[in-house]
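Everything below concerns the one structure shown next.
The values are calculated or read from the model by the stated rules, or taken from the named source; none is laboratory data. Just so we're clear, the structure is a prediction, and the values are computed from it rather than from any experiment. All Cβ positions, glycine included, derive from the backbone under ideal geometry; neighbour counts span all protein chains shown. The area values use the complete protein model at the heavy-atom level, side chains included, leaving out ligands, DNA and RNA. Shrake-Rupley method; radii C 1.70, N 1.55, O 1.52, S 1.80 Å.
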Amino acid sequence: QVQLVESGGGSVQSGESLRLSCAASGNIFRINTMGWYRQTPGTQRELVATITSGGITNYANSVKGRFTISRDNAKNTVYLQMNSLQPEDTAVYYCNVRDPRIFWGQGTQVTVSS
């Protein structure tokens, strides 16, 4: 079994920053892609950012230039630095890990008020 433990969510004002972390543990094979997705009530889960084991990153257009994804392969941990947060970034953020099985974290709430 694989466990993903997320941390770092919370409530902030517009323009402030948050950093999310997600640590994977358990019966892990070789992690390939790690990433973050987000979801608001009544909408589909959408990609925020991904990063491959080689460090290649991909971002949603809405977060480019504001969010930065990174990973520590030795710790099986992925991070999401979120700067200049806006109310439209409010969502539950989910960590995603592929080894190549797909695992999801439990989600962490990010709330941005204007």
Project the alpha carbons of the range 53-111 onto their principal axes and report the range along each, largest first, in whole Å.
-> 33, 24, 19
With each label point set 7 Å from Cα along the Cα-Cβ vector, what nm distance links Glu88 and Thr40?
-> 0.9
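Express the carbon and sulfur contribution to the solvent-accessible surface of the chain as a percent, rounded to the nearest whole number, probe 1.4 angstrom.
That share works out to 47 percent.
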Highest-MSF residue in the chain out of Ala74, Ala49, Ala60 [GNM, Cα springs under 10 Å] | Ala74
Residues of the range 25-54 with backbone N under 20 Å of the label point set 7 Å from the Cα of Asn73 along Cα→Cβ are 25-36, 50-54
If you roll a 1.4 Å probe over the heavy atoms of the protein chains, what accessible area per residue do you get for the chain, in Å²?
-> 51
Tell me, in nm to one decimal, what length is gained between Ile102 and Ser114 on full extension, where the rule is 0.36 nm per residue of separation less the Cα-Cα distance?
-> 0.8 nm
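First select every other residue whose beta carbon is under 14 angstrom from the beta carbon of Asn83; then total the charges, Lys and Arg +1, Asp and Glu -1. Before the final figure, lay out each step's value.
Values: positive: Arg19, Lys64, Arg66; negative: Glu16, Asp89.
In short, +1.
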